[in-house]
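Input: a single structure, listed below in structure tokens.
The values are calculated or read from the model by the stated rules, or taken from the named source; none is laboratory data. All values derive from a computational prediction rather than experimental measurement. Cβ: placed from backbone, ideal geometry, glycine included. Neighbour counts: every protein chain shown. These area figures cover heavy atoms from the full protein model, side chains too; ligands, DNA and RNA do not enter into them. Shrake-Rupley method; radii C 1.70, N 1.55, O 1.52, S 1.80 Å.
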Amino acid sequence: MQENTENPAEIVVSAVVFRDSAGKVLTVRKRGSMLFQLPGGKPEAGESPRTTAMREVAEEIGVAIPPSSLHPLGKFSAPAANEPRCSVTATVFCHSGSVEPHIDAEIEEMAWVNPSHPDRPLAPLLAQKVLPAI
């Protein structure tokens, strides 16, 4: 019997890097997950990555951000944090300006983490791809 060597399913998302005045990065932990990740999520039909990022941020942390405040960081792929045998590909934006986030939607916990020395368990995409890029 041969082992299945197909590529894992790809999950496409958009996410946003928010930084505070000390340079810490805002992370969220969704219900049912032990890993912290960036605010963001999956697109709805016909949405651009920027529009997805704006909608998801509003839903998850209650922050309305203008399109002009989002600056592309890059597109990154890594193993998915919550879906076994899947990968996640994220279009990641950096937000310019300050925000006052609060827990909303499916978010269980929020934390500002030092990108050089995170004190929380992080999703692979954030730990291995995004933090080294910022």
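When residue 102 is tested against (1) more than 21 Å from residue 12 (Cβ to Cβ); (2) free of Cβ contacts under 8 Å to residues at least 12 places away in the same chain, exactly one condition is not met: (2). Restricting 76, 18 to those that are within 20 Å of residue 122 (Cβ to Cβ), open to solvent by less than 30 Å² (accessible area, probe 1.4 Å) and at pLDDT 95 or above reduces the list to 18. Only residues that are open to solvent by less than 60 Å² (accessible area, probe 1.4 Å) and either assigned to a loop (DSSP other than H, G, I, E, B) or over 14 Å from residue 58 (Cα atoms) (or both) were counted across region 81-95, and they come to 10. For region 99-118, filtered to residues that are among the β-branched types (Val, Ile, Thr) and not in a loop (DSSP other than H, G, I, E, B), the residue that is modelled with the lowest pLDDT is 107. Selection of region 33-50 for residues being touching a residue at least 12 places away in the same chain (Cβ under 8 Å) and more than 19 Å from residue 78 (Cβ to Cβ) yields only 50.
Among the residues in region 61-84, are any touching a Gly at 6+ places or on another chain (Cβ under 6 Å) and of a type outside the set (D, E, K, R)? Taking every residue of region 61-84 in turn, at least one turns out to be touching a Gly at 6+ places or on another chain (Cβ under 6 Å) and of a type outside the set (D, E, K, R).
Against the list (1) surrounded by 15 or more Cβ atoms within 10 Å (Cβ to Cβ); (2) farther than 20 Å from residue 127 by Cα, the condition residue 39 fails is (2).
Residues in region 31-69 that are in contact with a helix residue (DSSP H, G or I) (Cβ under 8 Å, 6 or more places away or on another chain), among the charged types (D, E, K, R) and under 23 Å from residue 128 (Cα atoms): 42, 50.
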